[in-house]
Amino acid sequence: MSAVRKTITSVTSAVVIAGGLALGAAGQASAASCPSSASPVISGASAHWNLRCSGGNLNVSGWVQDTRMDGKCAVVRINAGNGAYRKKSACNSGVRESFNFTFTKTKSAQLRLAIA
């Protein structure tokens, strides 16, 4: 194998490995603290949320939308830093549901968009 071909193969392998590591890390990152926002999209669902803090409390507001006719629902699950849990579902393709939750005595939460 020529030196040029070896170099190209090495560079290509490094890019593929780095891309895979970046995708793996992005999929696991669901913890957030205020202020922040996100707009995740998965197959069959999309969502948007904002996190804001005031007076030691966390407010999480946004929407969740079902984007596929599959008989399943799009769900946003929120596990607050104080141990509280809330969820909001949207069922049937095209349906969008808004949510607005306040969690006391915390500034962080784990949020996840899923199909259920």
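Every number in this text was worked out from the coordinates using simple rules, so none of it is lab data. Quantities reported herein were computed from a predicted structural model and do not represent experimental measurements. FYI the Cβ positions are ideal-geometry reconstructions off the backbone, even for glycines, and counts take in every protein chain you see.
Length gained on full extension, residue 38 to residue 82, computed as 0.36 nm times the residue gap minus the Cα-Cα distance: 13.8 nm. Extension gain, residue 31-residue 112: 0.36 nm per intervening residue step, less the Cα-Cα distance, totals 28.3 nm. Put a dot 7 Å past the Cα of residue 96, heading toward its Cβ, do the same for residue 69, and the two dots end up 2.0 nm apart.
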